[in-house]
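Some notes on the structure that comes next.
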Amino acid sequence: MNRYIHEPVMVGEVIEALEIKKGGVYVDLTLGGAGHFKKIIEKLETGIVIGIDKDDKAIANALEEFGPFQKQSDHYIREKGSLTIIIYQGNYSNLKQLLIDLKIDKVNGILADLGLATDQYQSGLGLSYLEDSPLDMRMEQGLMVTAADLLNGLYFKELILLFKDLGDISFAKRLAKEVVEQRMMEPFKTTKQLVAIVQKIVPFRSRTGTNKHPEAKVFQALRIAVNREQYHLQQLLPQAYEALAPGGVLVVISFHSGEDRLVKQFFLALAQQKKCELLIKLAKPSRAEIEKNLRSHSAKLRAIRKI
Ligand SMILES: C[S@@+](CC[C@H](N)C(=O)[O-])C[C@H]1O[C@@H](n2cnc3c(N)ncnc32)[C@H](O)[C@@H]1O
């Protein structure tokens, strides 16, 4: 049983923006628990739908939920009447090559719902500050540098930049100083060591509002760095735009200001060159959705339509 507990965010907004046309080709770049993917399949009925994820568990979940599949070279395929479902395990920055391999020229809609699915925080990789495990955070094979390596190896100034740029952390300088002092006594190995210094800098009594869990931001910054998430997003965006047929739609949901900035700047530059229309400049979850699913509170959705 591989079922995910992840609650998809802004499902109505995503499906409306994608303007799913029967017989079309749609790509979900971030399958996760396949909540969005399932809705796309339901709307599409006939055509091709491709689901991508780098994570084993997300792939196992999709194979179980939408199968049975046949394995063909590096992807799984299921023909279900006039609907073809394709599942691919890999990085979404391989989109262009995957479409070439599948002999698909253009697609009508693409969704990227960035970040992590709820289940992935309990993976034993040290992605959650609530987990007591080694500080690894590598979510793909082939990555050499762990989160502990970064804490033990980066210069003071590099640590400040990492915490500021990838975690929006207001106490980045103090944290970097503590990290440097701590590692001189004992190198970082576990999540517990990192949690202890965050709790020393930001004691529970001084935590308010959106800053109740500063550990989450610190862990997020390290995860983004270890998995080179911004690099892959930068690689992906032009490939996704190129893959769209005229009139095709690209929807991106991000959960972090650095990611959202990349998406916004890319979309604005295309709009200025009259290559796309800004279909949704910025949408956020409703208050009702945030109350139901707290994780959605930082979601930012943007969408473009190719001209
Ligand atoms: C927020 S979840 C997606 C949730 C999904 N939309 C749903 O309805 O359940 C993000 C997913 O993207 C995947 N992911 C993140 N970066 C990726 C990348 N560079 N390539 C492929 N998958 C990636 C993660 O493994 C995770 O499963």
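The values are calculated or read from the model by the stated rules, or taken from the named source; none is laboratory data. Please read all numbers here as calculations on a predicted model, not as lab measurements. FYI the Cβ positions are ideal-geometry reconstructions off the backbone, even for glycines, and counts take in every protein chain you see.
Summary of values
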| quantity | calculated |
| --- | --- |
| Answer residue from the range 100-121, given it is more than 13 Å from the ligand (Cβ to nearest atom) and either outside any loop (DSSP other than H, G, I, E, B) or of a type in the set (Val, Ile, Thr) (or both) and is surrounded by the fewest Cβ atoms within 10 Å (Cβ to Cβ) among those | Ile100 |
| Count of the range 10-53 residues which are within 11 Å of the ligand (Cβ to nearest atom) and β-branched (Val, Ile, Thr) | 5 |
| Qualifying position, being within 24 Å of Gly51 (Cα to Cα) and in the same structural domain as Val107 (by TED's automatic domain parsing), among Gln239, Gln265, Gln272 | Gln239 |
| Options Pro203, Pro246, Pro238; residue that is out of contact with any helix residue (DSSP H, G or I) (no Cβ under 6 Å at 6 or more places or on another chain), under 30 Å from Val25 (Cβ atoms) and free of Cβ contacts under 8 Å to residues at least 60 places away in the same chain | Pro238 |
